[in-house]
Amino acid sequence: MNNITLKTDHPIAYDSPDHISPWGTMRDNSTNEHFIEEMQEFFKLNYDVDHYNFLDLGCSGGQLVVDIHNKGNFSVGLEGSDYSVIHGRANWPEYHNKILFTCDVTKPYTIYKNEKKVLFDLITAWEVVEHIHPFDLRNFFKYIGENLKMGGIFLASVSVVQDNATGIDLHQSVFSEGEWYKKLPILLEGLNLKLYKYPFTHKVRFENTSFHILLQKEL
């Protein structure tokens, strides 16, 4: 395994409701072998590469990161809460500070391989965007853009409903799909990220209260 390091001054998202009152971070460990196969084919056909650099934001148990890593790709996961570290959950005992790291993704972060900055072909966030406070959304997308290669893509599922399973509002940015499509161009202005509807057959999360998007980094 390559020497992978994360540079951040904010290793925990202390203000995140899902860190303060854990729910998804203590349960989720999603993956999908068909999505992984589709991504392998997509990058081979469209970018002429056998392997790609992958980053999953809000990776929870880290299974998707590990599965993509096991296909020979450079694969890293960032999670805002240290719940899984503390409780030794899912893939964290084996992969913590190897390919799984904790980080507040609304603050600056950079990933290095053998002391060289890595830019990613694919960044994903499954049921994560709605957890970000509206005041932090601009920075969330800004740092995605800063970590994407030119031509790289960001895929996300976005919930449009509130979640108060723990008694507090876990989703801080709750808007209808139509409202998101009005807000996103404003949030992305000047970031060189162009918004598209999700084009792929397979997904990692399948909640019927969510929609999917694709952003591509362009000149």
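The values are calculated or read from the model by the stated rules, or taken from the named source; none is laboratory data. Everything quoted here is computed from the prediction, not taken from an experiment. Note: ideal-geometry Cβ built from the backbone for every residue, glycine included; neighbour counts use all protein chains shown.
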Log entry, pairs with first residue in the stretch 33-44 being at pLDDT 95 or above, second being surrounded by fewer than 18 Cβ atoms within 10 Å (Cβ to Cβ), beta carbons closer than 6 Å, six or more apart or on different chains, reads HIS34/HIS202; PHE35/HIS202; ILE36/ASP67; GLU38/PHE200; GLU38/HIS202; PHE43/VAL49
SER84: passes all of (1) crowded, with 20+ Cβ neighbours inside 10 Å; (2) at pLDDT below 95 but (2)
Restricting the stretch 167-218 to residues that are in a loop (DSSP other than H, G, I, E, B) and of a type in the set (Val, Ile, Thr), the one surrounded by the most Cβ atoms within 10 Å (Cβ to Cβ) turns out to be VAL204
Per the list (1) surrounded by 13 or more Cβ atoms within 10 Å (Cβ to Cβ); (2) of a type outside the set (Asp, Glu); (3) closer than 16 Å to ILE132 by Cβ; (4) out of contact with any Asp or Glu (no Cβ under 6 Å at 6 or more places or on another chain), residue check on SER157 breaks on (4)
Cβ pairs under 7 Å, 6+ apart or interchain, first in the stretch 15-32 and without any contact (Cβ under 8 Å) to a residue 12 or more places away in the chain and under 16 Å from ARG205 (Cα atoms), second polar (S, T, N, Q) and in a helix (DSSP H, G or I), ordered by first then second residue, are none
So, first residue closer than 17 Å to TYR83 by Cα in the stretch 48-65, second residue surrounded by fewer than 24 Cβ atoms within 10 Å (Cβ to Cβ) and among the acidic types (Asp, Glu), Cβ within less than 8 Å, six or more apart or across chains; the pairs are GLY58/GLU127; SER60/ASP28; GLY61/ASP28
Listed by range, helices (runs of 4 or more DSSP H) wholly within the stretch 30-140 having at least 1 residues that are among the polar types (S, T, N, Q) and within 14 Å of the chain's Cα centre (by Cα) are 63-69
Note on the stretch 11-66: residues under 22 Å from THR110 (Cα atoms) and surrounded by fewer than 19 Cβ atoms within 10 Å (Cβ to Cβ) are PRO11, ILE12, TYR14, ASP15, HIS51
The residue from VAL105, VAL76, VAL118, VAL129 that alone is within 26 Å of ASP169 (Cβ to Cβ), of a type in the set (A, V, I, L, M), in contact with a strand residue (DSSP E or B) (Cβ under 6 Å, 6 or more places away or on another chain) and in contact (Cβ under 8 Å) with a residue 60 or more places away in the chain is VAL105
Item to complete: For LEU55, state whether it is of a type in the set (A, V, I, L, M, F, W, C), in contact with a strand residue (DSSP E or B) (Cβ under 6 Å, 6 or more places away or on another chain) and within 15 Å of THR8 (Cβ to Cβ).
Response: yes
If we ask which residues in the stretch 186-219 are charged (D, E, K, R) and either closer than 20 Å to ILE68 by Cβ or in contact with a helix residue (DSSP H, G or I) (Cβ under 6 Å, 6 or more places away or on another chain) (or both), their number turns out to be 3
The residue that is nearest to LYS71 (Cα to Cα), considering only those in the stretch 1-43 that are out of contact with any Asp or Glu (no Cβ under 9 Å at 6 or more places or on another chain) and among the polar types (S, T, N, Q), is ASN2
